[in-house]
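Coordinate-derived values only; no laboratory data. Source: prediction; values computed, not measured. In this analysis, Cβ positions are derived from the backbone assuming ideal geometry, glycine residues included, and neighbour counts consider all displayed protein chains.
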Amino acid sequence: MKKIASFTVNHDVLEKGMYISRVDGDIVTYDIRMKLPNGGDYLQMSAAHTLEHLFATYARNSRFGGSVIYVGPMGCRTGFYLLVRDDISHTEAITLVQESMAFARDFEGEIPGNKREECGNYLDHDLVGAKAIGAEMCEVLQNWQEKDLQYKQ
């Protein structure tokens, strides 16, 4: 079988940030890398679960919401994928992620979609942890630009 695109990225040199993972027709997949691969520090599942609820809720309700296809964590627990239609620019996608992380960092109140009838694992959330991830990513992405979206070799 052909190796999928994400397995061709050298994870030994991958840093925290936001990258274009792939482009399939009018769909752009962004790699939002929150932890260093194989670094021993990974996203805790309950915090990642809460961040997923916050990130997806914000992104789908933002001015770019009509272009958002998917927001979700990577199985390796080092980041998230964001899939959008190409009707938003790469710069707008960066803005969307920056705003989403700020939303998570500053969030107070009841976690969206955190009722038994809304979530398949509604008891497994960590708002404090999600806010910490959001805060860290706000710093990482503070000056991120389109030129930074390319993976380093």
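The length gained by stretching the chain between residue 61 and residue 36 to full extension, at 0.36 nm per residue less their Cα-Cα distance, is 6.1 nm. If R0 equals 35 Å, the separation of the Cβ atoms of residue 114 and residue 7 corresponds to a calculated FRET efficiency of about 0.55. Near the amide H of residue 21, within less than 5 Å, lie the amide hydrogens of 29, 30, 31, all on another chain or at least 5 residues away, with H placed in the peptide plane. Evaluating 6.51 cos²θ - 1.76 cosθ + 1.60 at θ = phi - 60° for every residue in segment 135-148, the Karplus couplings come out as 5, 5, 5, 4, 5, 4, 8, 3, 10, 5, 10, 3, 5, 7 Hz, glycine and proline recorded as x. Note that segment 27-32 has calculated 3J(HN,Hα) couplings of 10, 10, 9, 9, 9, 9 Hz, one per residue in order, obtained from phi through the Karplus relation 6.51 cos²θ - 1.76 cosθ + 1.60 (θ = phi - 60°); glycine and proline are x. Dividing the mean sequence gap of close Cα pairs (under 8 Å, 6+ apart) by how many residues segment 14-142 holds gives a relative contact order of 29 percent. Each Lys or Arg adds one and each Asp or Glu subtracts one; over the other residues with Cβ under 12 Å from the Cβ of residue 105, this totals -4. Helical content of the chain, expressed as a calculated mean residue ellipticity at 222 nm, amounts to -10500 deg cm²/dmol (DSSP H runs of 4 or more residues, -39,500 (n - 2.57) each, divided by residue number, nearest 500). Amide H contacts under 5 Å for residue 69: 83, 84, 85, restricted to partners 5 or more places along the chain or on a different chain, H placed in the peptide plane at 1.01 Å from N. Sorting 138, 76, 119 by the number of Cβ atoms found within 10 Å of their own Cβ, with the fewest placed first, yields 76, 119, 138.
Pairs of Lys residues in the chain are counted when their Cα atoms are under 16 angstrom apart and they lie 8 or more places apart or on different chains; the count is 5.
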